[in-house]
């Protein structure tokens, strides 16, 4: 059983929902990521989604795009992302870490280091899952099997526009959890319609038997609780990036922890 599956099983037994923060690796300071990850876990995060900086992030809104550009300017690429996970694992062997990004950095890593290098090195670093926005499920069965052989899960996005056929395809390939994008458009866009989320999740669960997390548009304890009533996990990214942007280095981790602790208390209540 993967670390992700074990985490969701434990939370389900406790009657609790998973809190999944997203941060961009190397933002807002190149070396702050492991410290930030530890602070988020101490504040109540159950899984961490770690963004891999990329120059053309088609699904990201302006806030996360800007964070990725900042990380790239600081020299953060896939090698540095994996090193951040290794440093995190020196103190934390239990919290799942999911890398979220695009095909180009994964495939470029293999071109530079040899075929299969990414999966090997990610597993050795302590990565638990991968969410590649531009990998369609119909082309990923072999890749998913290679990840599972190394104890890692392949996670997919579903959207309000996903057809039943698409949901079935994702259900066949995905493991760990499925990430439902609650809004049409890019990250950080629009207003969260919790009623639409409530209507969509039963459709997804007809086919998807692993946990379903919901993200895009969750900005505070109120929206987190509304989503937590129907989903297995709440994913928060854009608002967290906004909170840590511009903070002096010593205040980055405390600012994130204070925000997440408030969300955690509300979810548990």
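No lab work stands behind these numbers, since they all come straight from the coordinates. Just so we're clear, the structure is a prediction, and the values are computed from it rather than from any experiment. Because the Cβ atoms are built from the backbone with ideal geometry, glycine has one as well, and the counts that use them run over all protein chains shown.
Brief remarks on what is shown
- Model label points for residue 73 and residue 30, set 7 angstrom from Cα along the Cα-to-Cβ axis, are 1.4 nm apart.
- Computed from the C-beta positions of residue 242 and residue 1 and an R0 of 30 Å, the FRET efficiency is 0.25 to the nearest 0.05.
- Equivalent ellipsoid semi-axes - Cα gyration tensor, the stretch 1-125, angstrom: 24, 17, 14
- Relative contact order for the chain, counting Cα pairs under 8 Å that sit 6 or more residues apart, in percent: 23 percent
- Listed from fewest to most Cβ neighbours within 10 Å, the set 29, 179 follows the order 29, 179.
- You can think of it this way: the chain between residue 206 and residue 143 has 20.2 nm of extra reach, that is 0.36 nm per residue less the Cα-Cα gap.
- Virtual paramagnetic centre 7 Å along Cα→Cβ of residue 229, amide N under 13 Å, in the stretch 195-216: 195-199
- Inter-part distance where the stretch 150-179 and the stretch 68-107 are each reduced to a Cα centre, Å: 22 Å
- Euclidean distance between Cα centres, the stretch 131-147 to the stretch 1-66, Å: 20 Å
- Taking the three principal axes of the alpha carbon atoms in the stretch 129-249, the coordinate ranges are 42, 38, 22 Å, sorted in descending order.
- Protection proxy ranking of 65-74, 235-244 - average other beta-carbon atoms within 10 Å, highest first: 235-244, 65-74
- Under the shape rule built on the C-alpha gyration tensor, where the axes satisfy a ≥ b ≥ c, the chain is rounded, since a/c falls short of 1.5.
- Ordering of 249-256, 226-233, 126-133, 193-200 by packing [mean C-beta count within 10 Å, highest first]: 126-133, 226-233, 249-256, 193-200
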